[in-house]
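Bear in mind that the values in this text are calculations on the coordinates, not laboratory data. No experiment lies behind these values; they were computed from the predicted model shown. Glycine also receives a Cβ, built like all others from the backbone with ideal geometry; neighbour counts cover every protein chain displayed.
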Amino acid sequence: MMTSTLCMDAVTKDFSEFTERVGEIAGRDTLESRIIAILFLNAEDLCMDDLMKMTGYSLASVCNKVRALEKAGLITRKTKPGTKKIFLSMEKDSIRLMMQVLKHIRESQLTVVRTHLPAIIAKHKGRADPAKITLLERHLHQITKVDRFIEKMMLELDKVHP
């Protein structure tokens, strides 16, 4: 890791430090938090080279973290005509960002559980340890409740968003 924070102004540095503290609670590392802070405050889309220079980390490290943040639904990658560079952006509207993350959780994690777990339960019910089947059924029931809760939360956020 390099220690340079080339091109980061004072507000971005302070917000980055704040984001790092908040990110620790969510299990994010320093680089992920810096990328989030930089993309959130930057009006323009940034390429990987820009993020590398601004964070002080290697291009490989930035690419790995960008993939993880993109997978989590926090950032978006795009290309622009006339260049082969990949540009990154982040939703600036906090309510939309929260809805985007919640939608991503529903689509990437909860849907997988709801679609695949019933088949596992059905396949092993009556042949496997009943305690394990009960645990899986409870898990499916709770995931279904979480999914409904997130759906309601998204509807409520949609109501309060201008």
Inset, instruction - When a/c is below 1.5 the answer is rounded, else prolate if a/b is larger than b/c, else oblate, so apply that to the stretch 1-82 with a ≥ b ≥ c taken from the square roots of the Cα gyration tensor eigenvalues. - result: rounded
Legend entry - Electrostatic dipole magnitude of the stretch 88-133 [Cβ: Lys, Arg +1; Asp, Glu -1; Cα centre; debye, to 20]: 240 debye
Legend entry - Rounded tilt (10° steps) of 10-26 against the dominant C-alpha axis of the chain: 20 degrees
Legend entry - Length-normalised contact order of the chain in % [C-alpha pairs under 8 Å, at least 6 apart]: 18 percent
Inset, instruction - Kindly provide the trypsin sites (Lys or Arg not before Pro) of the stretch 26-119 that DSSP labels as loop, not H, G, I, E or B, and whose Cβ sees at most 15 other Cβ atoms within 10 Å. - result: Lys84, Lys85, Lys92
Legend entry - Helical contribution to [θ] at 222 nm, DSSP H n ≥ 4, -39,500 (n - 2.57), averaged over the chain, rounded to 500: -21500 deg cm²/dmol
Inset, instruction - Multiply the residue separation of His161 and Lys85 by 0.36 nm, subtract the distance between their alpha-carbon atoms, and state the gained length in nm to one decimal. - result: 24.0 nm
Legend entry - Ellipsoid equivalent to the chain - semi-axes via the Cα gyration tensor, in Å: 38, 19, 16
